[in-house]
Amino acid sequence: MSTVSRAPKRSLASRLPVVHQLQQSVGLQRGMLIAGLVVSGVFVLTAIFAPLIAPFGFAQRRDDAGIFGAQQPPSAEHLFGTTVGGYDVLSRVLWGAQTALFVIVVSVILSIFAGVLLGLVSGYFGGWLDRVLVVVCDAIYAFPSLLLAIVMSIVISGGQSSLVGGVFAAAISITVVFIPQYFRVIRAETVRIKAEAYVESAKVIGASSNRIMFRHVLRNATRTLPLIVTLNSSEAILTLAGLGFLGFGIEPTAAAEWGYDLNRALSDVTSGIWWTALYPGLAIVLVVLGITLVGESLNDLADPRLRGRRAVAQSAGVVAETSVVPGGSLTAGPGGLGGLEDGESFDEHGIETR
């Protein structure tokens, strides 16, 4: 009685998207993914526990010992020194991670919700609505993203610099920039998927348009969203920093923001005061680099040609170790494989023996 071998079931942890991609990666690609995950994880943990890690508040200028003082060099009391406004640089950097994470979450969630919904409706129904949405989104997509974010920030914030108002103004202005990207991806996938046989079968049995869109089309059209989310997260940090650097971001009394701190440190650099600009700049570079490494690694692993490299390497190793002659694996002497096929053999000095 023959038995059919079954593939082993994957564990629950291996079914998670990032864990599964990590198991598929190999070599330099795995190193890049691990480095990106470590940097991104440190960023998220720092943002969550910033109130516990930061030695001072983001707008605090004095403690029990007195006023901090402006542009103080790094010392035991202030490890990263103080800014021109008298704030602790280390505390501003740590609290800035919380602001950046909040803006990323709000902007990505809002842009996904709006972009996916518009792309799904536009791609599925088509017609005049599709043409109008495509023209509008293409016009927004062609507009310079930072300039569009500046305009939307001015319109939304209205000069308000409160924590909620400033953060939401920055997040919503970034959302407007991201919506066309999700719209274009989801619309293209919807147009392709609605021509599949299972969608036509659902129409034949009388399924409603809403059920087909959200039950069959949506779940298959959003497989590339994790890749776009990671890349957009790094772009959101750069856009937020650009808004703050140009003076359209969040005031220091409302929240800590790396771009604003860089703007205030411009005059310090020419005076030899390096610590006020170095640490916010390093925070931006490291976080963007970490998120970008994760996004690029996931993008490479999503390619079937790159995804199968590990399997190909393993198969090559198995073939190389396969024994094709009794007593061991096939090896060629000085005469090559042709010499073996002719029955020739050679001693250790390469002399032919019969």
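The values are calculated or read from the model by the stated rules, or taken from the named source; none is laboratory data. Computed from a predicted model, the values in this text were never measured in an experiment. So basically every Cβ, Gly included, is an ideal-geometry build from the backbone, and we count neighbours across all protein chains shown.
Quick notes
- Where a residue in the range 55-74 is of a type in the set (S, T, N, Q) and its partner, wherever it lies, is not in a loop (DSSP other than H, G, I, E, B), with Cβ under 6 Å and at least six apart: GLN72/THR82
- In the range 238-251, the residues that are out of contact with any Leu (no Cβ under 9 Å at 6 or more places or on another chain) and at pLDDT 85 or above: LEU240
- Subset of the range 34-87 [polar (S, T, N, Q), assigned to a loop (DSSP other than H, G, I, E, B) and either outside the structural domain of ILE104 (by TED's automatic domain parsing) or under 33 Å from the mean Cα position of the chain (by Cα) (or both)]: GLN60, THR83
- The set of residues in the range 128-159 being of a type outside the set (A, V, I, L, M, F, W, C) and in contact with a Ser or Thr (Cβ under 8 Å, 6 or more places away or on another chain) consists of ASP130, SER145, SER153.
Residue by residue, here is whether (1) among the hydroxyl-bearing types (Ser, Thr, Tyr); (2) surrounded by fewer than 17 Cβ atoms within 10 Å (Cβ to Cβ); (3) touching a Leu at 6+ places or on another chain (Cβ under 8 Å) holds:
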position	(1), (2), (3)
ILE172	no, no, yes
ALA188	no, yes, no
ALA195	no, yes, no
ILE212	no, no, no
THR224	yes, yes, no
THR253	yes, yes, no
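- Considering (1) in contact with a Gly (Cβ under 7 Å, 6 or more places away or on another chain); (2) over 24 Å from TYR182 (Cβ atoms); (3) polar (S, T, N, Q), the lone condition that THR230 does not fulfil carries the number (2).
- Search result, residues across the range 81-91 that are within 20 Å of VAL285 (Cβ to Cβ) and out of contact with any helix residue (DSSP H, G or I) (no Cβ under 6 Å at 6 or more places or on another chain): LEU90, SER91
- Considering (1) in a helix (DSSP H, G or I); (2) more than 23 Å from PHE43 (Cα to Cα), the lone condition that ALA195 does not fulfil carries the number (1).
- GLY119 small (Gly, Ala, Ser) and not in a loop (DSSP other than H, G, I, E, B): yes
Results for (1) surrounded by 17 or more Cβ atoms within 10 Å (Cβ to Cβ); (2) at pLDDT 85 or above; (3) touching a Pro at 6+ places or on another chain (Cβ under 7 Å), shown as yes or no for each residue.
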residue: VAL42; (1), (2), (3): no, yes, no
residue: ALA65; (1), (2), (3): no, no, no
residue: PHE80; (1), (2), (3): yes, yes, yes
residue: ASP88; (1), (2), (3): yes, yes, yes
residue: LEU118; (1), (2), (3): yes, yes, no
residue: TRP128; (1), (2), (3): no, yes, no
residue: ARG131; (1), (2), (3): no, yes, no
residue: VAL135; (1), (2), (3): no, yes, no
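- Condition check for GLY244: closer than 20 Å to MET152 by Cα, surrounded by 21 or more Cβ atoms within 10 Å (Cβ to Cβ) and among the small types (Gly, Ala, Ser): yes
Matching residues to (1) part of a helix (DSSP H, G or I); (2) touching a residue at least 24 places away in the same chain (Cβ under 8 Å):
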{"position": "LEU231", "(1), (2)": "yes, yes"}
{"position": "GLY242", "(1), (2)": "yes, yes"}
{"position": "GLY247", "(1), (2)": "no, no"}
{"position": "THR253", "(1), (2)": "no, yes"}
{"position": "ALA256", "(1), (2)": "no, yes"}
{"position": "LEU262", "(1), (2)": "yes, no"}
{"position": "TYR279", "(1), (2)": "yes, yes"}
{"position": "VAL288", "(1), (2)": "yes, yes"}
{"position": "VAL294", "(1), (2)": "yes, yes"}
